[in-house]
Amino acid sequence: MASFGALFREQRHLFGVCPNPQCREMSRLLNIRISYRAKYVRDWFDKVQDEVVVWEEKLGELNERRTEIRAKSIERARRVFLPKRLKSVSPLFEKPKVQPEDIKLISHPVDFVAFDGLVTSGNLRRIVLLESKASGRLRNEIQASIVDAVEHQKYDWYTLRVDESGKITRE
């Protein structure tokens, strides 16, 4: 039985050329249907191969549908469920009318920074610092100093570059 398996595997490496002068197509000997001047009669293996092709096509269609459904679900979650969930978790986001996709967590010295419009429309309208009401004297002082810096325009913009060796340069 092992020799039959080896013979079957080796047939994959045997090729032939169609003797018909109009055809002259090259194919594996394993795939050639030999007949003796009679019409080729399809057998059970041909039918199985046809079924495999049909099922592969159906599987491809199902995979396409799955991809479409997954993309729609992600879009719906981003558009509907994420904003609702975020607003239920923190009422902090309701007043400034900022979309959840535009909000980034900083945590300290302010909780969040929102780049209003950047993700949702591609056009930055404003930068909003979001902070829940502070508890504790030190936290209140930090918030007050941030408010003062923003109101009196005591801020700068720097671009820092980190190269492959880890060296940081300011532009």
- line: Cβ pairs under 6 Å, 6+ apart or interchain, first in region 64-79 and at negative phi, second exposed (fewer than 10 other Cβ atoms within 10 Å of the Cβ), ordered by first then second residue, are none
query: Being surrounded by 10 or more Cβ atoms within 10 Å (Cβ to Cβ) and among the aliphatic types (A, V, I, L, M), is that true of even one residue in region 19-28?
result: no
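Select from region 91-126 the residues that are in a loop (DSSP other than H, G, I, E, B), charged (D, E, K, R) and modelled with pLDDT of 70 or more and list them in ascending order. Spell out the reasoning first.
Let us first name the residues in region 91-126 that are in a loop (DSSP other than H, G, I, E, B), namely 94-99, 106-111, 117, 122-125.
After this cut, where a residue has to be charged (D, E, K, R) as well, the list is 94-95, 97, 111, 125.
LYS97, ASP111, ARG125 - these are the residues of region 91-126 that are in a loop (DSSP other than H, G, I, E, B), charged (D, E, K, R) and modelled with pLDDT of 70 or more.
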message: Looking only at region 132-161, filter to residues that are at pLDDT below 85 and in a loop (DSSP other than H, G, I, E, B); which one of those is surrounded by the most Cβ atoms within 10 Å (Cβ to Cβ)?
response: ALA134
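Looking at region 31-44, which of its residues are in a helix (DSSP H, G or I) and either more than 30 Å from PHE15 (Cβ to Cβ) or modelled with pLDDT under 80 (or both)?
Answer for region 31-44, where residues must be in a helix (DSSP H, G or I) and either more than 30 Å from PHE15 (Cβ to Cβ) or modelled with pLDDT under 80 (or both): just ASN31.
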message: Being polar (S, T, N, Q), modelled with pLDDT under 70 and under 22 Å from GLY16 (Cα atoms) is the requirement here; does SER88 meet it?
response: no
Inter-residue pairs, beta-carbon under 8 Å, first under 13 Å from VAL110 (Cα atoms) and in region 131-158, second at pLDDT below 90 and of a type in the set (Ser, Thr, Tyr), 6+ apart: SER132/SER90
task: Using the structure shown, decide if LYS72 is modelled with pLDDT of 80 or more, surrounded by 10 or more Cβ atoms within 10 Å (Cβ to Cβ) and not assigned by TED's automatic domain parsing to the domain that holds ASP111.
output: yes
message: With the requirement that a residue be polar (S, T, N, Q), within 46 Å of the chain's Cα centre (by Cα) and modelled with pLDDT under 75, what does region 1-30 give you?
response: GLN11
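The values are calculated or read from the model by the stated rules, or taken from the named source; none is laboratory data. Here the structure is a predicted model, which means the values were calculated and not measured. Cβ: placed from backbone, ideal geometry, glycine included. Neighbour counts: every protein chain shown.
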